[in-house]
Amino acid sequence: MVDKKGETLPVRAFMGILTAIVWTYDILSYPFCYLLTMRERQRQNQIKGEPLNGNPSDPYRDSTHLHGLKTTMYENCYTLDLLFDKAVDQFADLRCLGTRDVLQEEDEKQADGRTFKKVVLGDYKWRTFRDVNEEAENLGKGLLALGMKPKENILIFAETRAEFQIALNACFKFNFPVVTLYATLGEKAIAYGINQTEVTHVITNASLLPKLAAIKKDIPNVTNIIYMEDQLKKIRSTDFDNGVKVHSFSSVIEKGLNTVDTVRAEPHPDDIAVIMYTSGSTGAPKGVLISHGNMVAFLAGASSRIGKYGPEDTCICYLPLAHVLELASELALLAKGVSIGYSSPLTLTDTSSKVKRGCKGDITVLQPTLMLAVPLIVDRIYNGVMDKVQAMAPLQKALFEFACHYKSTQIDRGFSTPIFDRIVFSKLSNLLGGRVRIILCGGAALSATLQRFMHVCFCCPMLQGYGLTETCGGGTIVQPGDHTLGHVGAPLNCCDIKLIDWPEGNYNVADKPNPRGEVLIGGGNITLGYYKNPQKTQEDFLVEKGKRWFKTGDIGEMRPDGTLKIIDRKKDLVKLQTGEYVSLGNVESTLKKCPLVENACVYADGDFTYCVALVIPYRKNLEAMADTMGLSSMDWEDLCHDQSITKEVLKAIQQTAKGDKLQKFEIPTQIKLCSEMWTPDSGLVTDAFKLKRRPLADFYQRDIKKMYGK
């Protein structure tokens, strides 16, 4: 006998007995658990942020630092070079930066007959803090010998790796402002960044040399290119035929080692440390001017909020160092003596696309205790786990679902579940190496479902943060131990947050029960503006009573405990013909809850009464649905163009939207299924995988017009 969920009578009987056992255990253990977790629950329920003068229109501040804002992690360390110098003094001979040996590259034939390049990887090899400091010192001297001068811009155009971090520290030491550009940018964007910042020296990967060679005529100011060597492929150090000198990374370090009587110009807190180009989700990229003092202030606030971490910890790093989340996080980790093991999304796990079958991914080998993530990575982990759950036997599936529900309830109570962690969730935590105790997620909004899923299944808290490049990546971070969902935490102790009215969206600080409005962040971590763009700087930044503020464009709500909830975004708000406003980001978050949707971009035309959506289907689930419809013989592209498939996906999306209580005008009435993935290489999403609305609208212009009957 099978019920409507597919559970047999024995499965239901077993689950009934298990429920009774757990219920009995809860009753017997409740008094002890309540007493043991009392302090933890008190901390979770305490006020975390407060308006300075008790008025909701006043700036909110971290409740533990109402007397003033932090500006540095350590006394007299107001520049990034001094911060790293202190770490070297404390942790000189401890491991610092780790790189995994690449033993060989092989062709691996897939089941469908295609062949892909795979790598065979060895162990991690480590540089100590002393090693890194010496390499950075000599690299800086070598750059001086190649003609670099203090306060002249230098570009680091590379993928995330140990040499990137060494180059950063060299530039901080010798006061060379670092320009960062994403390695996935196209040729025009690269040339634009190089020319706007008047860069003469470029540090890059060996694999990116062809990109620079292709635009050599468009970057006339560049005189020297330094490339980071590849482990397997040896590059012949030949100069470009336009006179540009090409040097290996190690040769510049060697040049610096043999250079004597070099005096370095130490940076001042107001000097520019990084010119970081934003990823351009809403228009052309802008170079954000980050001073040493800005970044040091943010690191002070972030390190205070995250809590205890240090030399006993290891973090796996694979996100782009050209993104503020990764760069700031690595600097904060190194300042406390954390060792960093480098990876990439292509080699992160045992099943990553570049890892040879039978070999171990980086996270399995490294077994980190700390991890950084962006929502897209979390979403992929979630989909991978749920695929395995769906393939389980009925008893296993029922046990897993029961354990998830039970643990989630216990988390809300402030209790732990050691038995279920050991029996049910230990194998899942091993997917992340088995030792991860904190995951910090940023770069975009993370749904409450994913946040709780990671905490439940991987037995560690996921701390969500909120910030922008213009605030050095910081504004808020959820406190460890705060398991409530739907918010991004209280202000860091390096900055204040205030709300201002936005009448157009009907958001006001006087709103009840909670104040709402546009989020402004103010403090030492607010950057100096945009490079060579005074007009945009004046629009987005302001100074009041000596404090710099940044207008984020995000709409927030301050909760009674002083934590911030992001509820809307000004630039995502579109007014329909009928006068209603549609929050595109909010609708997209709902659509991605549908099992058939991997990603979505909602489009609203103000001349119409409805919105439409571009949808990347979740392939495995769409193909399973096609199989039930007798369409299993169709290839992927044909499935995405099939009208009957599109109709069924639209039904599922609309059902999800109604279940999430979207208004009728917010629910898409037409969709386009997109067979191609949206990647940074395609230019349709940023390197942080945020949607680029304008390029997406241009790319699918014909489809959008068709959905609107134009």
Of the residues that sit in the stretch 187-210 and are under 19 Å from Pro285 (Cα atoms), of a type outside the set (A, V, I, L, M) and in contact with a strand residue (DSSP E or B) (Cβ under 8 Å, 6 or more places away or on another chain), which one is surrounded by the fewest Cβ atoms within 10 Å (Cβ to Cβ)? Gln196
When Asp412 is evaluated against the numbered criteria (1) surrounded by fewer than 20 Cβ atoms within 10 Å (Cβ to Cβ); (2) at pLDDT 90 or above; (3) out of contact with any Lys or Arg (no Cβ under 6 Å at 6 or more places or on another chain), which criterion, by number, is the only one it fails? (2)
Select from the stretch 87-115 the residues that are crowded, with 17+ Cβ neighbours inside 10 Å and among the charged types (D, E, K, R) and list them in ascending order. Arg95, Arg100
Go through Leu333, Leu299, Leu348 for me and flag whichever is in a loop (DSSP other than H, G, I, E, B), aliphatic (A, V, I, L, M) and under 24 Å from Val132 (Cα atoms). Leu348
So, in the stretch 470-492, of the ones that are surrounded by fewer than 23 Cβ atoms within 10 Å (Cβ to Cβ) and polar (S, T, N, Q), which residue ends up nearest to Arg548 (Cα to Cα)? Gln479
All but one of (1) closer than 19 Å to Glu330 by Cβ; (2) not in a loop (DSSP other than H, G, I, E, B) hold for Cys77; state the number of the condition that does not hold. (2)
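Any idea which of Gly474, Gly556 is in contact with a strand residue (DSSP E or B) (Cβ under 8 Å, 6 or more places away or on another chain) and within 21 Å of Ser303 (Cα to Cα)? Show your work before the answer.
Numbers: Gly556 fails: within 21 Å of Ser303 (Cα to Cα).
The match here is Gly474.
Regarding the stretch 358-369, can at least one residue be identified that is under 12 Å from the mean Cα position of the chain (by Cα) and farther than 30 Å from Glu106 by Cβ? Explain how you work it out, then say what you get.
So the first thing to find is which residues in the stretch 358-369 are under 12 Å from the mean Cα position of the chain (by Cα), and the list is none.
Looking for residues that are under 12 Å from the mean Cα position of the chain (by Cα) and farther than 30 Å from Glu106 by Cβ, one finds none in the stretch 358-369, hence no.
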Quick one: would you say Leu520 is assigned to a strand (DSSP E or B), touching a residue at least 12 places away in the same chain (Cβ under 8 Å) and more than 19 Å from Thr72 (Cα to Cα)? yes
Only one residue in Glu580, Glu676, Glu598, Glu648 is among the acidic types (Asp, Glu), under 19 Å from Arg694 (Cα atoms) and touching a helix residue (DSSP H, G or I) at 6+ places or on another chain (Cβ under 8 Å). Which one? Glu676
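I need the full set of residues from the stretch 6-33 which are surrounded by 13 or more Cβ atoms within 10 Å (Cβ to Cβ) and either at pLDDT 85 or above or not polar (S, T, N, Q) (or both), in order please.
Going through the stretch 6-33, the residues surrounded by 13 or more Cβ atoms within 10 Å (Cβ to Cβ) turn out to be 7-8, 11-12, 14-15, 18, 22, 26, 33.
Correct list: Glu7, Val11, Arg12, Phe14, Met15, Leu18, Val22, Asp26, Cys33.
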Qualifying position, being modelled with pLDDT under 90, surrounded by 16 or more Cβ atoms within 10 Å (Cβ to Cβ) and either closer than 24 Å to Ser352 by Cα or in the same structural domain as Ser589 (by TED's automatic domain parsing) (or both), among Leu450, Leu440: Leu450
Scan the stretch 86-96 and tell me whether some residue there is part of a strand (DSSP E or B) and of a type in the set (A, V, I, L, M, F, W, C). yes
Could you list, in sequence order, the residues of the stretch 13-54 that are among the basic types (Lys, Arg) and without any contact (Cβ under 8 Å) to a residue 12 or more places away in the chain? Arg39
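If we only count helices (runs of 4 or more DSSP H) wholly inside the stretch 608-703, which ones have 1 or more residues that are in contact with an Asp or Glu (Cβ under 8 Å, 6 or more places away or on another chain)? Lay out the reasoning, then the answer.
On the way: elements: 619-628, 636-641, 643-659, 693-699.
Because the criterion is at least 1 residues that are in contact with an Asp or Glu (Cβ under 8 Å, 6 or more places away or on another chain), the helices (runs of 4 or more DSSP H) in the stretch 608-703 that meet it are 619-628, 636-641, 643-659.
Only one of Leu36, Leu69 is surrounded by 11 or more Cβ atoms within 10 Å (Cβ to Cβ), among the hydrophobic types (A, V, I, L, M, F, W, C) and touching a strand residue (DSSP E or B) at 6+ places or on another chain (Cβ under 9 Å); which?
Numbers: Leu36 fails: touching a strand residue (DSSP E or B) at 6+ places or on another chain (Cβ under 9 Å).
Only one candidate passes the filter, namely Leu69.
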If you scan the stretch 53-88, which residues turn out to be touching a Gly at 6+ places or on another chain (Cβ under 8 Å), aromatic (Phe, Trp, Tyr) and under 30 Å from Asn133 (Cβ atoms)? Tyr78
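Taking the conditions exactly as written (in contact with a Gly (Cβ under 8 Å, 6 or more places away or on another chain) and either in a helix (DSSP H, G or I) or buried (at least 21 other Cβ atoms within 10 Å of the Cβ) (or both)), does Ile526 satisfy them or not? Write out each step before concluding.
Details: in contact with a Gly (Cβ under 8 Å, 6 or more places away or on another chain): no; either in a helix (DSSP H, G or I) or buried (at least 21 other Cβ atoms within 10 Å of the Cβ) (or both): yes.
Answer is no for this residue.
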If I go through the stretch 543-568 residue by residue, how many of them are out of contact with any Leu (no Cβ under 8 Å at 6 or more places or on another chain) and in a strand (DSSP E or B)? 11
Six or more apart or on different chains, Cβ under 6 Å: which pairs go from a residue in the stretch 227-247 that's surrounded by 10 or more Cβ atoms within 10 Å (Cβ to Cβ) to one that's modelled with pLDDT under 90 and part of a loop (DSSP other than H, G, I, E, B)? Could you list them? Lys245/Asp239; Val246/Ser237; Val246/Asp239
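If you check Leu684 against the conditions, is it modelled with pLDDT under 90, more than 28 Å from Glu187 (Cβ to Cβ), surrounded by 13 or more Cβ atoms within 10 Å (Cβ to Cβ) and of a type in the set (A, V, I, L, M)? Please lay out each step first, then the result.
Working: modelled with pLDDT under 90: yes; more than 28 Å from Glu187 (Cβ to Cβ): no; surrounded by 13 or more Cβ atoms within 10 Å (Cβ to Cβ): yes; of a type in the set (A, V, I, L, M): yes.
No: the conditions fail for Leu684.
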Selection within the stretch 579-620 - under 24 Å from Asp642 (Cβ atoms) and not hydrophobic (A, V, I, L, M, F, W, C): Glu588, Lys592, Lys593, Pro595, Glu598, Asn599, Tyr603, Tyr610, Pro617, Tyr618, Arg619, Lys620
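The values are calculated or read from the model by the stated rules, or taken from the named source; none is laboratory data. Keep in mind that what you see is a predicted model, and the values were worked out from it rather than measured. Virtual Cβ from ideal backbone geometry, glycine too; neighbours counted across all protein chains shown.
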